[in-house]
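Some notes on the structure that comes next.
The values are calculated or read from the model by the stated rules, or taken from the named source; none is laboratory data. Because the structure is predicted, anything quoted here is derived from the model rather than measured. Here Cβ is always computed from backbone atoms with ideal geometry, including for glycine, and neighbour counts include all displayed protein chains.
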Amino acid sequence: MTNTTLNKFMDRTTKVKMNPETYIKFDDTDHVMISNIFSEGSALRIKCDILLLLWDITDWKAIGDILDAWPDPVDHPKIIEHLANLYECKIVVTEESEVRKPLESGLSEKLGSKIHINVENHHVMMKDFVRLAAYRRAIERAIESGKTVAMDLGCGSGILSFFAANAGAEKVYAVERRQDIIELAQALAHDNEIKNVEFVQGSSSALSEEVFTPKPDVFISEILGNGILEENVLEFTLDARDRLCAPGAKLIPYKLDIYVFAYHSNLRQDKGLEVDEFKDLYGVDYKIFKEILCSKSTLRLDKFNSRIDRPITKPTLVKAVDFRSFDNPTFTSEFELDVTEEGNFTGYCGYFKAWLDEDTSLSNSPWSPDTHWTQMIYTMPVTREVKPGDKIKMDIVYDGNLRIRALS
Ligand SMILES: C[S@@+](CC[C@H](N)C(=O)[O-])C[C@H]1O[C@@H](n2cnc3c(N)ncnc32)[C@H](O)[C@@H]1O
């Protein structure tokens with residue numbers, strides 16, 4: 001690509017629009033797809049230029065869609081044609097509401113050719129064999145062939161519904177709030193000749209009870225997040241249990257245990273020193289910012305790295321959320337971690353164990369078979385030395401956001 005050609009497209013007054021037919025509204029998590037594009041290497045420079053151009057004039061989330069269809073990086077004439085298409089306003093940014101109509105009619109027939117559905121997240125989840133093996137086992141054990149009516153809340157590409165259908169469920173409600181993904185699941189059911197799945201589009205909490213007649217006696221959901229409760233599994237499960245399911249319906253998962261352990265890190269982590277550097281870097285004193293930052297622990301969603309960090313307490317069960325009996329979708333409880341190893345208390349790590357049935361559990365513990373989930377890793381603002389016998393006072397709070405805090 002010549003500079004002249006590129007310059008034409010670097011005119012920041014250009015209004016880039018996105019055609020309603022090709023527009024898909026992405027979840028926040030789909031940012032991952034954009035970073036994947038960056039890691040492709042050879043086309044990086046060109047893609048960066050386009051991103052810079054588009055950055056402030058269009059919806060960042062939609063850019064992934066444009067780039068996903070990007071031609072082969074060595075095919076310069078094609079790239080120029082692609083740019084020309086963008087420039088000629090073949091792309092039209094619209095509100096999601098405007099987009100719904102074209103998507104609602106007959107997307108299935110068009111799949112693969114016209115619509116770029118982001119399946120990256122679902123690909124990651126489908127590759128997680130640990131997750132799917134556990135769910136498949138629990139679903140097959142729960143379904144009574146020819147009798148069970150099941151509901152799959154958040155069916156995504158439909159895999160758990162298909163497990164239930166293939167296990168002989170009389171009927172499966174596959175509920176999904178995203179129009180594009182549910183249409184994909186429908187197309188997959190069609191291709192696989194799975195007929196006893198009824199697809200219901202919408203957020204479960206907004207759906208009326210009448211949609212679910214007969215009421216499901218097995219409830220399945222996999223809306224577990226890296227931040228454990230971040231996808232509101234507690235609220236959605238309780239709502240579905242009380243309104244949409246038959247009384248006493250079997251819940252998969254039926255319980256979520258939350259574990260925490262404290263760790264020592266060999267890496268020196270000093271957030272304060274980093275903030276001090278802002279003055280040299282940007283000429284602005286960030287003293288107040290530093291005070292706030294250093295007054296609390298920082299959360300990152302990451303895999304616990306046992307090569308750098310080592311536990312100084314045993315993993316401790318700090319909260320058992322039993323969906324069968326839980327009534328209030330908020331909680332606070334205090335707990336203590338018993339220090340068993342000498343070291344610096346650098347931070348703590350939270351993870352879950354989901355009970356799919358009495359014998360089938362699924363965990364993102366650093367010591368369980370690897371899954372696509374990370375753990376919740378907190379770094380203390382300041383480390384302190386601890387020794388066996390010491391106690392670390394903590395609490396866990398859920399009020400729509402899950403927080404695990406060190407109190408002493
Ligand atoms: C983690 S994915 C799991 C997808 C699929 N069940 C699987 O196991 O591969 C969760 C899906 O649930 C959907 N979802 C989350 N909460 C929902 C709700 N309350 N009602 C309908 N769909 C929901 C999301 O859009 C997403 O597609």
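Numbers below:
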read-out	value
Of all residues making up the range 245-285, the number that are of a type in the set (A, V, I, L, M) and in contact with a helix residue (DSSP H, G or I) (Cβ under 6 Å, 6 or more places away or on another chain)	2
The range 192-211, residues that are surrounded by fewer than 16 Cβ atoms within 10 Å (Cβ to Cβ) and part of a loop (DSSP other than H, G, I, E, B)	ASN192, GLU193, LYS195, GLY202, SER203, SER208
Residues of the range 261-289 classified as of a type in the set (Val, Ile, Thr) and surrounded by 10 or more Cβ atoms within 10 Å (Cβ to Cβ), total	1
In the range 318-332, the residues that are surrounded by 12 or more Cβ atoms within 10 Å (Cβ to Cβ) and assigned to a strand (DSSP E or B)	VAL318, LYS319, ALA320, VAL321, ASP322, PHE331
Residue that is surrounded by the fewest Cβ atoms within 10 Å (Cβ to Cβ) [pool: residues in the range 213-224 that are within 13 Å of the ligand (Cβ to nearest atom) and assigned to a loop (DSSP other than H, G, I, E, B)]	ILE223
Subset of the range 344-364 [surrounded by fewer than 20 Cβ atoms within 10 Å (Cβ to Cβ) and under 16 Å from THR313 (Cβ atoms)]	ASN344
Test: residue in the range 247-263 that is at pLDDT below 95 and within 14 Å of the ligand (Cβ to nearest atom)	no
Residue within the range 315-327 that is over 30 Å from ALA174 (Cβ atoms), in the same structural domain as THR360 (by TED's automatic domain parsing) and at pLDDT below 90 present	no
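Listed here are the residues, each with its yes/no results for (1) more than 13 Å from the ligand (Cβ to nearest atom); (2) closer than 22 Å to PHE352 by Cα.
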{"position": "GLY146", "(1), (2)": "yes, no"}
{"position": "VAL149", "(1), (2)": "yes, no"}
{"position": "TYR173", "(1), (2)": "no, no"}
{"position": "ARG178", "(1), (2)": "no, no"}
{"position": "ILE194", "(1), (2)": "yes, no"}
{"position": "GLU210", "(1), (2)": "yes, no"}
{"position": "ASN226", "(1), (2)": "no, yes"}
{"position": "LEU229", "(1), (2)": "no, yes"}
{"position": "ASP239", "(1), (2)": "no, yes"}
